[in-house]
Amino acid sequence: MKLLDGKACSESILQELTDQTRELTAAGKRSPHLVAILVGENPASETYVASKQANCEKVGFRSTLIRYASDVTSEVLLAKLQELNQDPEVDGILVQLPLPKQLSETLVIETISPEKDVDGFHPVNIGRMSKNIPAFLPATPGGILQLLSRNDIETAGKHCVVLGRSNIVGMPMAILMARNTNPGNATVTICHSRTADLKAMTLQADILIAAVGKPLMVTADMVKSGAVVVDVGIHRVADDTKPKGYRIVGDVDFDAVAPIASAITPVPGGVGPMTIAQLLLNTMEAYLRK
Ligand SMILES: NC(=O)c1ccc[n+]([C@@H]2O[C@H](COP(=O)([O-])OP(=O)(O)OC[C@H]3O[C@@H](n4cnc5c(N)ncnc54)[C@H](OP(=O)(O)O)[C@@H]3O)[C@@H](O)[C@H]2O)c1
């Protein structure tokens, strides 16, 4: 079994970005600039944004965090996005999701200029991705493609089963795996909560990508021998044996599935770091496109 080590893979991408940024600044150019907007005080969002900022700084990007209280109005947030869209020194904009109920995620995402939408959530980028023309790829599925490609995982002609059809993970993942690209060219099945016989589907998977948001849901009896397994889920589960009182697990029962799989991502240290690496790749691309 090969461990698809997202931490190591993301480190090598971050090193490439560091070298690229150093060359730019040595030539007298400014460094790429990512602006993150955080609304409210959701602890998970705080952690994600802090990690994105830390990684920006690590590669030499400029990073700005704009915070709003959870009762910020739509008008205030949208006006700030318009201002950032116009700012020539801002390359990438991300609004950390989820947002409080008074704000429409759709409206917020659609207000970000597609040229600065480094999360790859804008319908223009999703449409361009679907048509296989240059686009910012959504960070998690894009990061998974990087992980597969940099580990020489063959996808052409394989049967890829994607568990989950969310706008940010499952659906774009399925589109990317089906595109006429490398990685891609897989035959793709998308499963969701209404799939009649999930196990019958997962057992056919040469490549199984789990993005269901249910801890340890994918068990060994659901996985074909030799499958490549990618686990997108991140969950805290209570564990009294750990100093913090919890441990992090994915959607896949790693200990039981790893011996059957030909390759598998760990959680943590698999898809999570690749998501951030793809976000930074997108930010560099947004900068270079200018
Ligand atoms: N590692 C990372 O960087 C990263 C990034 C993003 C998300 N995540 C994690 O990935 C997981 C999925 O995220 P998400 O945003 O895609 O979640 P989501 O929006 O909740 O979508 C979950 C999907 O799974 C499907 N589903 C739920 N229960 C199912 C079941 N029993 N059988 C089959 N399908 C089922 C749902 O089907 P319906 O459409 O029918 O409801 C839905 O399509 C979460 O644990 C999240 O925390 C990790």
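The values are calculated or read from the model by the stated rules, or taken from the named source; none is laboratory data. This structure is a prediction, so every number in the text was calculated from the model and none was measured. Positions of Cβ are backbone-derived with ideal geometry, glycine not excepted, and every protein chain shown enters the neighbour counts. Ligands, DNA and RNA are excluded from the accessible area calculation, which covers all protein heavy atoms including side chains. Shrake-Rupley method; radii C 1.70, N 1.55, O 1.52, S 1.80 Å.
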When (1) in contact with a helix residue (DSSP H, G or I) (Cβ under 8 Å, 6 or more places away or on another chain); (2) part of a helix (DSSP H, G or I); (3) not aromatic (Phe, Trp, Tyr) are applied to residue 53, the one that fails is (1)
Log entry, pairs with first residue in the range 86-104 being within 16 Å of residue 44 (Cα to Cα), second being part of a strand (DSSP E or B) and modelled with pLDDT of 95 or more, beta carbons closer than 6 Å, six or more apart or on different chains, reads 94/36; 95/37; 96/38; 99/39
Within the set of pairs 6 or more residues apart or between chains, which connect a residue that is within 12 Å of residue 226 (Cβ to Cβ) inside the range 242-269 to a residue that is part of a loop (DSSP other than H, G, I, E, B) and more than 16 Å from the ligand (Cβ to nearest atom) with Cβ atoms less than 6 Å apart?
-> 260/225; 261/1; 261/227; 262/226; 264/258
Restricting the range 252-277 to residues that are within 14 Å of the ligand (Cβ to nearest atom), among the small types (Gly, Ala, Ser) and in a loop (DSSP other than H, G, I, E, B), the residue that is least open to solvent (accessible area, probe 1.4 Å) | 270
Unmet criterion (only one of (1) more than 10 Å from the ligand (Cβ to nearest atom); (2) of a type in the set (A, V, I, L, M, F, W, C); (3) more than 30 Å from residue 85 (Cβ to Cβ)) for residue 217 | (1)
All positions within the range 278-289 that are within 14 Å of the ligand (Cβ to nearest atom) and touching a Cys at 6+ places or on another chain (Cβ under 8 Å) = 280
Can you confirm whether the range 39-61 contains a residue that is more than 23 Å from residue 281 (Cα to Cα), small (Gly, Ala, Ser), in contact with a strand residue (DSSP E or B) (Cβ under 9 Å, 6 or more places away or on another chain) and in contact (Cβ under 8 Å) with a residue 40 or more places away in the chain?
-> yes
Only one of (1) assigned to a helix (DSSP H, G or I); (2) free of Cβ contacts under 8 Å to residues at least 12 places away in the same chain fails for residue 282. Which number is that?
-> (2)
How many residues are open to solvent by less than 60 Å² (accessible area, probe 1.4 Å), outside any helix (DSSP H, G or I) and among the polar types (S, T, N, Q) if we restrict to the range 90-121?
-> 3
Determine which member of the set 50, 69 is over 16 Å from residue 277 (Cα atoms) and at pLDDT 95 or above.
-> 69
Just one of 230, 161, 169, 124 is open to solvent by 30 Å² or more (accessible area, probe 1.4 Å) and within 20 Å of the chain's Cα centre (by Cα); which is it?
-> 124
State yes or no: is residue 240 in a loop (DSSP other than H, G, I, E, B) and of a type in the set (Asp, Glu)?
-> yes
Within the bounds of the range 181-198, is there any residue that is surrounded by 16 or more Cβ atoms within 10 Å (Cβ to Cβ) and among the small types (Gly, Ala, Ser)?
-> yes
Across the range 74-85, what is the number of residues that are within 13 Å of residue 39 (Cα to Cα), without any contact (Cβ under 8 Å) to a residue 24 or more places away in the chain and either out of contact with any strand residue (DSSP E or B) (no Cβ under 9 Å at 6 or more places or on another chain) or not β-branched (Val, Ile, Thr) (or both)?
-> 0
Hey, any hits in the range 210-217 for a residue that's among the aliphatic types (A, V, I, L, M), more than 21 Å from residue 266 (Cα to Cα), open to solvent by 60 Å² or more (accessible area, probe 1.4 Å) and over 18 Å from the mean Cα position of the chain (by Cα)?
-> no
Over the range 150-172, the set of residues within 22 Å of residue 120 (Cα to Cα), outside any strand (DSSP E or B) and either more than 16 Å from the ligand (Cβ to nearest atom) or in contact (Cβ under 8 Å) with a residue 40 or more places away in the chain (or both) is 150, 164, 166, 167, 168, 169, 170, 172
